[in-house]
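Visitor: I am attaching a structure below and will ask some questions about it afterwards.
The values are calculated or read from the model by the stated rules, or taken from the named source; none is laboratory data. In this text, all values refer to a predicted model and were calculated from it rather than measured experimentally. Side chains are part of the model used for accessible areas, which takes the heavy atoms of the whole protein and leaves out ligands, DNA and RNA. Shrake-Rupley method; radii C 1.70, N 1.55, O 1.52, S 1.80 Å.
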Amino acid sequence: MIRIALIDDQEIWLQKLEKDLQEILLSLGKEGKIQSMTKASTLLEEYQDGYYFDLLFIDIQMKDLDGIQLGEKIRSLGDNRVKMVYVSAFPDLAYKAINNEVIGFIDKASYCKEDVELVLKRALKKLEKTPEYYEFFQNRQKRSIDKEKILYFFKEGRKVGIQTISPEGYQVLWISGNLKTVTQDLGDRFLQIRQDLVIQRFYAKDLGNYRVKMQDGKVFTVGRSYQKDYWGVGK
């Protein structure tokens, strides 16, 4: 399922775009969940609550925060996976979005459903690439897991636990090794917040006062020695 967010302060435009996207998804045989938002701040709140999206359609000119700034904030949160499409009646503004790695631009002045279908297909193609896997040894056997299914790593005794998420629920995979060693090549979306804990930011909500709530309901406090370098998980 592809998760799509539409951000535009014009409700009539949102309704039209959402309707067209639903029809296109149906014609392509794809499942999608679409959320429409009239404020850029609403999208940032969704990220703060631990949610994330596959594709964003962002209006460039909005009252509370323009689309270029919104895209920059999303990237600064560490979400380099989400695909962005900018929307505006002023095509000249599109060049400002180049640093946000957008995959398309929709011109409101010459809008047509075919343009939406084109960028949606482009996004689906990019998103359907081979998942990024984390490889590890368990009981002397080499295994792998999609990184998106990992909530966090934690140290317990001489073992490292991998807390995972799947449609079937939560599960802990136990592996041997040092936490620093087994998490050294995870990428920017993972963040160490304690000597014994490395979390995936997209499944976390910042509660303030250096407290983080994970999607499985666990609440962790950022270790004192990590607080000076802590820059949040949803703000």
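Visitor: Which residue fluctuates the most in the chain, going by a Gaussian network model with Cα springs under 10 Å, if the choices are Q141, Q171, Q184?
Guide: Q141
Visitor: Also: For V233, what residues show an amide H to amide H distance below 5 Å, using hydrogens built from the backbone and excluding near sequence neighbours?
Guide: D206
Visitor: Hey, what's the Kirkwood Rh for the range 104-159 if you take every pair of different alpha carbons, in angstrom?
Guide: Numbers: mean 1/r = 0.0653 Å⁻¹.
Its Kirkwood hydrodynamic radius stands at 15.3 Å.
Visitor: Where the accessible area of the range 1-160 is counted over protein heavy atoms with a 1.4 Å probe, how much of it, in %, is carbon and sulfur? Could you put the intermediate results ahead of the total?
Guide: Working: 4180 of 8930 Å².
Solvent-exposed carbon and sulfur of the range 1-160 make up 47 percent of the total.
Visitor: I've got another one for you. Out of L43, L151, L118, any idea which swings most in a Gaussian network model of the chain, alpha carbons joined below 10 Å?
Guide: Fluctuation is largest for L118.
Visitor: Okay, next question. Plugging the Kirkwood radius over Cα pairs into Stokes-Einstein for the chain, at a temperature of 10 °C and a viscosity of 1.306 mPa s, what D comes out in µm²/s?
Guide: Working: Rh = 19.3 Å.
Roughly 82 µm²/s, to the nearest whole number.
Visitor: Between G223, G67, G208, which gets the highest mean-square fluctuation from a Gaussian network model of the chain, Cα cutoff 10 Å?
Guide: G208
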